[in-house]
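Quick one: the structure is below, and I'll ask about it shortly.
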Amino acid sequence: MKKPLSFLALPALLLLCLGSLCAQELPPREFLERIRQPLCQEAWGEATGRLVHKRKGAPDLEGTLGLRVTFTPSAMFAQLTLNETNFYGLEITLATASQSVQRLDLPEKEEKPSLFDFGVRPSDLSFAFLFWDFLQELPRSSSRWQDCRVLRLASPDGTETVDVWFHAEQGFPMEAKWHRKGEEKPWRTLVMKGAKRFSNGIWFVKEMQLTGTDWKTSVKFDFAEKNNAP
């Protein structure tokens with residue numbers, strides 16, 4: 001029986017059940033489905049950190065971020081707290097490994113600066129975009145000197161696509177680039193930095209960097225806690 005990748009993402013706490021896999025040999029759809037496969041029991045993780053947003057011609061924005069994610073065998077629930085005032089909820093329910101239903105709850109009275117003012121979307125921090133529709137596998141490439149498989153996924157509303165660089169052997173997402181429909185140049189890019197894998201399969205990521213035209217956002221995590229996951 002093949003061992004699942006069981007990728008469940010939380011930027012500072014990436015829950016993986018990888019072991020020794022030949023992920024690079026799997027067909028692209030199976031590779032992606034095993035990344036999406038949920039854990040077989042409940043687990044949770046939380047992290048805190050800071051955001052710094054720099055935009056040409058505008059003052060820098062700084063904020064604090066709290067993130068808590070709960071995983072079940074059929075769903076993921078994430079709550080993001082920005083500056084202890086704005087609360088964002090995201091729920092992903094898995095029908096199958098290739099089908100999911102996503103729901104986003106925004107604050108009733110969103111105070112400035114909002115998460116979007118930082119150039120960040122809740123799906124960036126929960127990796128909900130990994131559940132977008134699979135389109136194709138692109139030629140192999142590298143990210144941060146690591147051999148990667150690159151998969152192109154399409155948003156549910158059809159307005160954009162994302163190319164995701166996965167570590168060819170471990171299935172870990174290294175980089176993502178979003179393209180608006182009909183445009184060749186990506187309008188935003190995400191890069192993961194400082195990833196470390198512990199013996200129990202938990203990944204800790206110290207920093208995420210989001211960039212776009214004339215702007216850059218850095219998300220640095222300084223604390224993370226998790227329960228035991230398989």
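Scan segment 50-97 residue by residue and report those that are over 28 Å from Pro156 (Cα atoms), assigned to a strand (DSSP E or B) and either open to solvent by 80 Å² or more (accessible area, probe 1.4 Å) or of a type in the set (Phe, Trp, Tyr) (or both).
Arg50, Lys54, Arg55, Glu62
Also, I was wondering about something else. Tell me, which residue of segment 146-171 that is assigned to a loop (DSSP other than H, G, I, E, B) and either among the polar types (S, T, N, Q) or within 21 Å of Lys206 (Cβ to Cβ) (or both) is farthest from the chain's Cα centre (by Cα)?
The initial filter retains those residues of segment 146-171 that are assigned to a loop (DSSP other than H, G, I, E, B), namely 155-159, 168-171.
Right, trim to either among the polar types (S, T, N, Q) or within 21 Å of Lys206 (Cβ to Cβ) (or both) and you get 155, 159, 170-171.
Details: Ser155: 14, Thr159: 19, Gln170: 16, Gly171: 13 Å.
Among those residues, the one meeting the criterion is Thr159.
Just for segment 176-217: of the residues that are among the small types (Gly, Ala, Ser) and open to solvent by less than 20 Å² (accessible area, probe 1.4 Å), which one is modelled with the lowest pLDDT?
Only one residue tops the list, namely Gly201.
Name the residue, out of Arg144, Arg149, Arg103, Arg121, that is open to solvent by 10 Å² or more (accessible area, probe 1.4 Å) and in contact (Cβ under 8 Å) with a residue 24 or more places away in the chain. Talk me through it step by step, then tell me what you get.
Numbers: Arg149 fails: open to solvent by 10 Å² or more (accessible area, probe 1.4 Å); Arg103 fails: in contact (Cβ under 8 Å) with a residue 24 or more places away in the chain; Arg121 fails: in contact (Cβ under 8 Å) with a residue 24 or more places away in the chain.
On inspection, the qualifying residue turns out to be Arg144.
I'm checking my understanding of the structure. Among residues of segment 172-196 that are hydrophobic (A, V, I, L, M, F, W, C) and assigned to a loop (DSSP other than H, G, I, E, B), which one is farthest from Gln209 (Cα to Cα)? Even if it seems obvious, please write down each step before you answer.
First pass over segment 172-196, keeping only residues hydrophobic (A, V, I, L, M, F, W, C): 172, 174, 176, 178, 187, 190-192, 195.
Filter again for assigned to a loop (DSSP other than H, G, I, E, B), leaving 172, 187.
Values: Phe172: 16, Trp187: 14 Å.
Among those residues, the one meeting the criterion is Phe172.
Condition check ((1) at pLDDT 90 or above; (2) of a type in the set (Val, Ile, Thr)) across all residues:
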residue: Leu16; (1), (2): no, no
residue: Ala23; (1), (2): no, no
residue: Arg34; (1), (2): no, no
residue: Ala58; (1), (2): yes, no
residue: Asn83; (1), (2): yes, no
residue: Ile92; (1), (2): no, yes
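The values are calculated or read from the model by the stated rules, or taken from the named source; none is laboratory data. Everything numeric in this text was worked out from a predicted model, so none of it was measured. Cβ coordinates were reconstructed from backbone atoms using ideal geometry, including for glycine residues, and neighbour counts include every protein chain displayed. The area values use the complete protein model at the heavy-atom level, side chains included, leaving out ligands, DNA and RNA. Shrake-Rupley method; radii C 1.70, N 1.55, O 1.52, S 1.80 Å.
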